[in-house]
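In what follows, a structure is listed as structure tokens, so that the remarks can point back to it.
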Amino acid sequence: EVAPEARPELFHQMDEDYFRRIEAIEFAVAHDDGRRPHELDRAEIVLTGVSRTSKTPLSMYLATHGWLVANVPLVLDIEPPGQLFEIDKRKVFALTIRPERLVLIRQARASRLGLASSERYGDANHVLQELAFGRQILARGQWEVVDVSSKSIEESAGEILALRQRHCASPMG
């Protein structure tokens, strides 16, 4: 029997944390899918990996928790932006996935989009080539690798934040 206060912001306080999360979400949107590579150094976390390794959903999840996140796709036979190799490697996390899991995810997506089953996108041999290319790039960058094959977004985010905390506690190596 308490009268309502009829004030905005009672449910979501518009404090410093709120504005930080909004900034982080805007940053993640602006730096999604390899956009603005010249600003990668501004990111606190950079995710990279082949298509369908949950880079964007993971970026958005981390952003809702206030992290400035960018993501850069690894595309077969296309060199990633040089800035990815120039930033502090402790900020970069390479997302990997088991080939059979990636094939299933891509085939399901292709089916939803009405793509022909002969498309290379969901082809097992093409997926293996993409993952091999990705491993070459990851080895060159010497980034921490996170396998997302059987993890939820929350679990992957938790692993990335734990690795980041561990790396930031140690001197750059």
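Tabulated data
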read-out	value
Nearest-ten-degree value, helix 16-30 long axis tilted from longest Cα axis of the chain	30 degrees
Segment 29-173, relative contact order [Cα under 8 Å, separation at least 6], %	27 percent
Square roots of five times the Cα gyration tensor eigenvalues for segment 54-159, Å	24, 18, 12
Sites Asp41 and Gln136 - FRET efficiency at Förster radius 25 Å, r taken between beta-carbons, to 0.05	0.60
Long-range amide H partners of Asp147 with built H, under 5 Å	Thr96
Karplus-derived 3J(HN,Hα), 6.51/-1.76/1.60, for each residue of segment 52-64, Hz, glycine and proline x	6, 9, 6, 4, 5, x, 5, 4, 5, 4, 5, 5, 5
Nonlocal amide H pairs with Gly49, under 5 Å, H built at 1.01 Å	Val72, Leu74, Leu95
Nitroxide proxy distance, nm - points 7 Å out along Cα→Cβ at Ala3 and Arg112	4.9 nm
J(HN,Hα) series, segment 148-163, from Karplus relation 6.51 cos²θ - 1.76 cosθ + 1.60, nearest Hz, glycine and proline x	9, 3, 10, 10, 6, 4, 5, 5, 4, 4, x, 5, 4, 5, 5, 5
Segment 38-75 and segment 121-170: distance between their alpha carbon centers, rounded to Å	12 Å
Overall dimensions of segment 1-86 as given by Cα atoms, namely Rg and Dmax in Å	17.2, 66
Under Karplus coefficients 6.51, -1.76 and 1.60, residue-wise ³J(HN,Hα) of segment 133-143 in Hz, glycine/proline x	4, x, 4, 4, 5, 4, 5, 5, x, 6, 8
1.4 Å probe accessible area per residue over the chain, in Å²	59 Å²
Value at 222 nm in deg cm²/dmol, rounded to 500, when DSSP H runs of n ≥ 4 in the chain each add -39,500 (n - 2.57)	-14500 deg cm²/dmol
Carbon and sulfur %, accessible surface of segment 5-112 computed with the full protein complex present, 1.4 Å	52 percent
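The values are calculated or read from the model by the stated rules, or taken from the named source; none is laboratory data. All figures in this text were calculated on a predicted structure; none of them were measured in a lab. Cβ: placed from backbone, ideal geometry, glycine included. Neighbour counts: every protein chain shown. Heads up: the accessible areas ignore ligands, DNA and RNA and are worked out on the full protein's heavy atoms, side chains in. Shrake-Rupley method; radii C 1.70, N 1.55, O 1.52, S 1.80 Å.
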